[in-house]
Amino acid sequence: MKKVTELPIMCGVEGGLIVYCLDEQEPMLWPSHEEVQSLLKKFYQVPEIERNKKSMKLETYYKEKGSKSRDQLKKQTRKTKDVKDLLRDNINANDIRGKARSKIRSEIGLTYHDPLIATIEDELR
């Protein structure tokens, strides 16, 4: 009930609430019986086509929400896969480069401090 009372203030709209309880004969009305009747009267004075333009069945709302969520999940899954592929490729490339560096070092007998090693490593990057 509290959220409904805040909605007209925060959004600048008119609104009311009708709550039916199983153990109550009469429904609870907010803000008052007269104001709810006045709002309903205004609502029904608007042509049905206009009223239905912005209305949506709950089932449709949830279907659209679910569809959007699935699309977002697909996009995120695709991005995650792309990042994983990029990381895997980078790791594989670094591993290959590392093996190539080791092989070059061992074949020509260079140490890590040799300036030629730095040049070769720069070229391999």
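Structure values in brief
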quantity	calculated
Test: residue in segment 28-37 that is farther than 27 Å from residue 5 by Cβ and assigned by TED's automatic domain parsing to the domain that holds residue 6	no
Any hit, segment 90-108, residues being acidic (Asp, Glu) and at pLDDT below 75	yes
So residue 24, is it assigned by TED's automatic domain parsing to the domain that holds residue 3, modelled with pLDDT under 90, surrounded by fewer than 11 Cβ atoms within 10 Å (Cβ to Cβ) and acidic (Asp, Glu)	yes
Condition check for residue 14: free of Cβ contacts under 8 Å to residues at least 24 places away in the same chain and assigned to a loop (DSSP other than H, G, I, E, B)	no
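The values are calculated or read from the model by the stated rules, or taken from the named source; none is laboratory data. Just so it is clear, the structure is predicted and the values come from calculations on it, not from any experiment. Because the Cβ atoms are built from the backbone with ideal geometry, glycine has one as well, and the counts that use them run over all protein chains shown.
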